[in-house]
Amino acid sequence: DVNHNHLKLKPAVFSKDSCYLPPLRYPATCTFKEGLECEKQQYIIHGGKTPNNELSDKIYVISVACKNNKKVTFRCTEKDLVGDVPGARYGHSIDVVYSRGKSMGVVFGGRSYIPSAQRTTEKWNSVADCLPHVFLVDFEFGCSTSYILPELQDGLSFHVSIARNDTIYILGGHSLANNVRPANLYRIRVDLPLGSPDVNCTVLPGGISVSSAILTQTNNDEFVIVGGYQLENQKRMVCNIISFEDNKIEIRDMETPDWTPDIKHSKLWFGNNMGNGTIFLGIPGDNKQAVSETYYFYMLKCAEDDVNEDQKTLTNSQTSTEDPGDSTPFEDSEEFCFSAEANSFGGDDEFDTYNEDDEEDESVTGYWITCCSTCDVDINTWVPFYSTELNKPAMIYCSHGDGHWVHAQCMDLAERTLIQLSEGSNKYYCNEHVEIARALQTPKRVLPLKKPPL
C-alpha cells in the first residue's frame, strides 16, 4: 500500500494446504470470478520461467484464504488440464470471457524453447514464437481446446490484451521471427452456447506498435496504455487512451506525462497496474552509485483528474540480488505483477488502521534474526548462499535447551551436511553449544572383531 509517498509492504503467506508456487518470470496472469455476480475473486497464473530457466506449462489458481491487519494468507492450487493443453511458454496472455452465463479462459501468444529435436549445445536456450493458436480453457472441468483462426498468422509475445464480456482485444506485441512490433489490433469474440464454443477473429484498423506495455483501467469504458518499447532497446514514452463505445474501440494519444529525467534516460523500465488508474513503475539505479543494485519506484496516476500529475517518487528503494546487467534489454520483461485492484484486500481505510505494533515479533519467528553473536546475515545484502535457497536464508534448529533457530550460513555448514541434517532426525548443535553437547563428540575408535577362520 502507498500512503504519503511511502511504500508499505504487508506480509503474505500461503496456507498449509497450498501447493508450491515457484517464483515465475514473465507468466500470464488474470483475475477470475465464478460469475459476473460473484464477488469472490481468484487469480490465474499460467506459464513463465522457473528459477532453473525452464518454462512452466502449469496453471495455478490463487485465492485469498483469510486476511487481517497483520498479513494476508493465500491458497494456491494447481489446475490439471486435459485436451489441447497449451505448452510451456512465457510472455503470453491469459484472460477470462463471460458469455451466456458461462466463463472461459483464453490463452494466446508467447514464446517457448525450440523443439527438443532441434536443440543443440549452441542453441539450447534459443526461443521461438509459439504458434498463433487460441486456447479456450474451462477452469471448472479442466478442459482445453485449441482453435486455429486464419486472421492470426504470426505468433506474438508481450502484447496487450483487454477482456470485455465475451470479447478480447489483442494489441501490439513483438514477433520474434520477423523482429518487428506490428501495429496489430485483433478482436476475438467467444460465444458459449450449449454446444461447442464459437470463436471468431476480426482484424481492426488503428492499432499501435508497442510491446511490454502496461494497461490500467480508469473507468468502465476507458483504459490507458503506458510504457513499453517501440524499438529494440528503445522505450515508448507516448501514452494512449483506449475507449469503448457501442462495441467500437478507439485509440488516441494522451498528453504525455512529465517524465522525470531518471525515467527519460533509463534504458530499462518495468512495472504493472495497481488498479484505480494507477501505474507502478520501476527503473534500475545508477551503476556508478555505491549500491548499484538499487531500484527506484514511481507512481503515475492516469485518472482523468490526474492525467498531468507528475510522477511521485516513492521514498523506499528495493535492492535486488540480480545484477541489472543480467536482465538483457533485448527481451521485453515484466518484473512483477499487481493482479488485483487496489481495494481487493480490504477497505480504503485499511492502511490508516494498520498498526505496526501488531506485527509478529520477527526476532523470534522471522528469518531475519540475529541467530548468534557472529551472525552477519543482513536483509539488505543477503543473497542465496545454498542452491536450495530462493528468497530466504536456510535455517537449522539447534537442539540445546529449549532449542532455537540459527542461519546455516552463519554456522559454516556445507550444503551436503545441511541436507543430511535436515532429512534425518539427527540432533544438531550450533557453534555456541557444540562444546556442551557431548553427544556430538566423535566416538572412540573401536577395533573390528576378529572372526576365527573356519
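A few comments on the model shown:
- Of the GluC sites (Glu not before Pro) found in the stretch 11-118, the ones in coil according to DSSP and having at most 14 other Cβ atoms within 10 Å of their Cβ are GLU34, GLU37, GLU39, GLU54.
- ASN219 paired with GLU78, simple spin-label distance in nm, labels 7 Å along Cα-to-beta-carbon: 4.6
- The protection proxy used here, the mean number of other Cβ atoms lying within 10 Å of each residue, ranks peptides 266-273, 231-238, 59-66, 211-218 as follows, highest first: 211-218, 266-273, 59-66, 231-238.
- Too-long pairs where the Cα-Cα distance tops 25 Å, listed order kept, from LYS40/LYS67; LYS8/LYS49; LYS71/LYS264; LYS33/LYS67: LYS8/LYS49; LYS71/LYS264
- Full-stretch length increase - PHE244, VAL446 - with 0.36 nm per residue and alpha-carbon distance subtracted: 64.2 nm
- Full-stretch length increase - ASN426, VAL61 - with 0.36 nm per residue and alpha-carbon distance subtracted: 127.7 nm
- Length released on extending from VAL203 to TYR397, taking residue separation times 0.36 nm less the Cα-Cα span: 63.7 nm
- In the stretch 63-218, the portion of solvent-accessible area held by carbon and sulfur atoms comes to 50 percent [1.4 Å probe, whole percent, DNA, RNA and ligands not counted].
- The stretch 107-220 - accessible surface per residue (Å², probe 1.4 Å): 45
- Distance between modelled label sites at ASN5 and ALA183, nm, 7 Å Cα→Cβ extension: 3.9
- Nonlocal amide H pairs with VAL72, under 5 Å, H built at 1.01 Å: ALA12, VAL13
- Estimated inter-spin distance, GLN118 and GLN234, nm [label 7 Å along Cα→Cβ]: 2.9
- Protection-proxy order for peptides 80-90, 128-138, each taking the mean of Cβ atoms within 10 Å per residue, highest first: 128-138, 80-90
- Residues in the stretch 259-278 that a label on THR294 would reach, taking backbone N under 19 Å of a point 7 Å out along Cα→Cβ: 260-270
- DSSP-assigned coil residues among chymotrypsin sites (Phe, Trp or Tyr not before Pro) in the stretch 97-129, each with at most 12 further Cβ atoms within 10 Å: TRP124
- The H on the amide N of ILE59, modeled in the peptide plane, is under 5 Å from the matching H of LYS79, each at least 5 residues off or on a different chain.
The values are calculated or read from the model by the stated rules, or taken from the named source; none is laboratory data. Computed from a predicted model, the values in this text were never measured in an experiment. Glycine gets a Cβ as well: all are built from the backbone with ideal geometry, and neighbour counts include every protein chain shown. All accessible areas refer to the heavy atoms of the entire protein, side chains included, with ligands and DNA or RNA removed. Shrake-Rupley method; radii C 1.70, N 1.55, O 1.52, S 1.80 Å.
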